[in-house]
Amino acid sequence: MKSRSVKIEFSNGASGYEIAIGDPLLNGCGDWARKCLGEDASRSVIVSNPTVFEIYGKLAENSLSNAGFNVSHWLMKDGEEHKNFRNVEKTLAFFSESGLTRTDAVIALGGGVVGDLAGFAASIYMRGVGFLQVPTTLLAMIDSSVGGKTGVNASFGKNTIGAFHQPSGVLIDPAVLSTLPSRELAAGFCEMIKHGAISGKKLLMKTSDFLAEIPLDGFSANHEKGDLRVKIGELIAANVNFKASIVAGDERESSRRTDSKSRKILNFGHTLAHALEKVTDYKYFKHGEAVGYGILYAAELSKSLALCGKEDVKLLYDVVHRVGALPTVANIDPHEVLEAFRFDKKLVAGSLQMILLKGIGQPVIVDSSDIPKSAHSKALKRLLKV
């Protein structure tokens, strides 16, 4: 596919960066990194996990070495439950042992867990070192690699410890998607549906039409076909463009903003998602799978409050169902889920801010104090029943 780039320019004057999208790009990541980091960077530490590194690690290391970098790597265990302070400390110790300095850089090669932890470690090592994102999952490509949010989980909630640390660049190579398991693909498409729900029907229907034409169970088999690689690249670029447009105007997610362009709208579907992940100890759901349920919960809540019409809610159900079967929630206690809302990082002045819909492409921020508890229970029971 033809390579393209998306530029993020922040309204507050913060340094912008480019998101390069195309394949094959990963084999040239060394020259790309040199362009992003400049000539002063001499060392780079790749943070990855064993599964990803076995497939793409040597390719990345060789390319970086050829571009003049002294390269080492640190591998963390795979899974959301490993995104914690213990692994941050181990990662920081490796940075020190590798001789990483303020002019050097950390490169995240992996999915959102790797990117979040590596970015957070980079943000606090020597008060901040250079950071590059090379996402290898669909969800990370369109979401966590864009916007500078980094963080780790704690006993009191997901991503409740973190920092904003913008990367110097993001490299997205859709060719790596051919090695993704179907659940990882489903997780990424649920995040795409979230973007479509809050941006408008044009992006939502692009995702719906793609899934109708190319079901996920046949994605890997068809990935080498030129038209599929072009279409998935275009879909990724559309999602990145949308997220970049929101992030650029509200880099640090201002707590005071409640308008429809606030970065908070990107949390649509995430209140329930984070609660589901917490009550299952971060081991049962892929993040995007939990977001899939979160989208439907927010839609049900929007309908029960007479904000959103039945037709738009049905459309969201239809598109989410095109992703395929999500892990069952039949054995999850709804009371535990509602209790977990108390630990959500979107609490402002003691009250949870919910992202709901007045319709597709019409997100609205609603204070939980304005939502009857019975509405939450009704929406959740409706979702679990469905």
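Given H placed on each backbone N at 1.01 Å, which residues far from Gly361 in sequence or on other chains put an amide H within less than 5 Å of it?
Ile198, Ser199, Gly200
What percent does the relative contact order of region 3-93 come to when contacts are Cα pairs within less than 8 Å and at least six residues apart?
Details: 94 pairs, mean separation 22.5, N = 91.
In percent, rounded to a whole number, it is 25.
So between Arg127 and Lys358, what do we pick up on full extension, going 0.36 nm a residue minus the alpha carbon distance? List each step's numbers first, then the result.
Numbers: separation 231, 0.36 × 231 = 83.16 nm, distance 4.22 nm.
Extra length available between Arg127 and Lys358 comes to 78.9 nm.
If amide H atoms are built 1.01 Å from N in the plane of the peptide, which residues on other chains or at least 5 residues away come under 5 Å of the amide H of Gly110?
Result for Gly110 returns Val134, Thr136.
Which ³J(HN,Hα) values, rounded to whole Hz and listed in residue order, are derived for region 70-84 from phi using the Karplus coefficients 6.51, -1.76 and 1.60 in 6.51 cos²θ - 1.76 cosθ + 1.60 with θ = phi - 60°, glycine and proline given as x?
Each residue of region 70-84 in turn: 7, 10, 9, 9, 10, 10, 9, 5, 7, x, 4, 5, 9, 8, 9 Hz.
Would you kindly work out the equivalent ellipsoid of region 1-88 from its C-alpha gyration tensor and give its semi-axes, the square roots of five times the eigenvalues, largest first in whole Å?
Numbers: eigenvalues 111, 72, 48 Å².
Gyration-tensor ellipsoid for region 1-88: 24, 19, 16 Å.
With a 10 Å radius around each residue's Cβ, average the other Cβ atoms per peptide and rank 232-238, 143-149, 330-336, highest first. Write down the numbers at each step before the final one.
Values: 232-238: 20.7, 143-149: 25.3, 330-336: 11.6.
Averaged packing, sorted descending, gives the order 143-149, 232-238, 330-336.
If I model a spin label at Ser351 and Ala325 as a point 7 Å from the Cα along the Cα→Cβ vector, what separation in nanometres do I get?
So the label points at Ser351 and Ala325 sit 4.2 nm apart.
All other residues with a Cβ under 15 Å from the Cβ of Lys2 taken together, and with Lys, Arg as +1 and Asp, Glu as -1, what is their net charge? List each step's numbers first, then the result.
Values: positive: Arg4, Arg229, Lys231; negative: Asp23, Asp173, Asp227, Glu234.
Here the count lands on -1.
Quick one: if you stick a label point 7 Å off each Cα along the C-beta vector at Ser245 and Thr179, how many nm between them?
3.4
Can you tell me the orientation of helix 182-199 relative to the chain, as the angle in degrees between its alpha-carbon axis and the longest Cα principal axis, to the nearest 10?
Approximately 70 degrees, to the nearest ten.
Can you put Thr271, Thr103 in order, fewest other beta carbons within 10 Å first?
On the way: Thr271 24, Thr103 14.
Listing Thr271, Thr103 from fewest to most nearby Cβ atoms yields Thr103, Thr271.
Near Gly361, within a Cβ-to-Cβ distance under 10 Å, what is the net charge of the other residues, with Lys and Arg +1 and Asp and Glu -1? All intermediate terms of the calculation are to be shown ahead of the outcome.
Numbers: positive: Lys201, Lys202, Lys358; negative: Asp312.
Once all neighbours under 10 Å are counted, the net charge is +2.
Listed here are the pairs Lys202/Lys264; Lys158/Lys264; Lys158/Lys283; which of them are more than 18 Å apart at the Cα?
On the way: Lys202/Lys264 21 Å; Lys158/Lys264 16 Å; Lys158/Lys283 13 Å.
In this structure, Lys202/Lys264 lie more than 18 Å apart at Cα.
Could you go through region 316-328 in sequence order and give the Karplus-derived ³J(HN,Hα) for each residue, using 6.51 cos²θ - 1.76 cosθ + 1.60 with θ = phi - 60°, rounded to whole Hz, and x for Gly and Pro?
Running phi through 6.51 cos²θ - 1.76 cosθ + 1.60 with θ = phi - 60° gives 5, 4, 4, 6, 4, 5, 5, 5, x, 5, 8, x, 5 Hz.
I need Val279, Val114 ordered by Cβ neighbour count within 10 Å, fewest first.
On the way: Val279 18, Val114 29.
Sorted ascending by nearby Cβ count, the order is Val279, Val114.
What's the local net charge at Phe285, with K and R +1, D and E -1, over the other residues with C-beta under 9 Å away? Each step should come with its number before you reach the end.
Details: positive: Lys283, Lys286; negative: Glu80, Glu277, Glu289.
Residues near Phe285 contribute -1 overall.
Straight-line reach from Lys35: which lysines have Cα under 20 Å away, leaving out those fewer than 8 places along the same chain?
The reachable lysines, counting only those whose Cα sits under 20 Å from Lys35, are Lys2, Lys7.
Applying a 10 Å radius around every beta-carbon, put 65-78, 39-52 in order of their mean neighbour count, most first.
Output ranking for 65-78, 39-52: 39-52, 65-78.
Principal axes first, then extents: for the Cα atoms of region 4-179, list largest minus smallest coordinate on each axis, whole Å, largest first.
40, 37, 35
Cα to Cα, under 17 Å, and not fewer than 8 places away if on the same chain: which aspartates and glutamates meet these conditions relative to Lys303?
Excluding near neighbours in sequence, the set is Glu311, Asp312, Asp318, Asp367, Asp370.
Calculate, for Leu338 and Arg256, the FRET efficiency according to 1/(1 + (r/R0)^6) with r their C-beta to C-beta distance and R0 35 Å; round to the nearest 0.05. It would help to have the intermediate numbers written out before the result.
Details: r = 27 Å, r/R0 = 0.77.
For R0 = 35 Å, the calculated efficiency reads 0.80.
Give the calculated FRET efficiency between Val230 and Ser11 to the nearest 0.05, with a Förster radius of 41 Å applied to their Cβ-Cβ distance. Before the final figure, lay out each step's value.
Numbers: r = 32 Å, r/R0 = 0.79.
According to the calculation, E is roughly 0.80.
Return the sequence-ordered ³J(HN,Hα) values of region 136-151 in whole Hz as given by the Karplus equation 6.51 cos²θ - 1.76 cosθ + 1.60 applied to θ = phi - 60°, using x for Gly and Pro.
3J(HN,Hα) across region 136-151, in whole Hz: 10, 10, 4, 5, 5, 4, 9, 10, 5, 7, 10, x, x, 6, 10, x.
For Phe131, which sequence-distant residues (separation of 5 or more, or a different chain) have an amide H within less than 5 Å of its own amide H, given hydrogens modelled in the peptide plane?
Close amide H contacts, sequence-distant or interchain: Val106, Ser168.
Do the sum for the chain: with -39,500 (n - 2.57) for every DSSP H run of n ≥ 4, divided by all residues, what is the mean residue ellipticity at 222 nm, to the nearest 500 deg cm²/dmol? Before the final figure, lay out each step's value.
Details: 13 runs with 173 residues, N = 386.
Rounded to the nearest 500, it is -14500 deg cm²/dmol.
Using the per-residue mean of other Cβ atoms lying within 10 Å as a proxy for protection, in what order, highest first, do the peptides 3-10, 244-251 fall?
244-251, 3-10
What number, in nm² with one decimal, is the all-direction average of the projected area of the convex hull of the alpha-carbon atoms of the chain? Don't skip to the end; give the middle numbers.
On the way: hull surface 68.9 nm².
Directional mean of the projected Cα hull area for the chain stands at 17.2 nm².
None of the figures in this text is laboratory data; all of them are computed from the coordinates on show. From a predicted model like this one, the values you see are computed outputs, not experimental measurements. Glycine also receives a Cβ, built like all others from the backbone with ideal geometry; neighbour counts cover every protein chain displayed.
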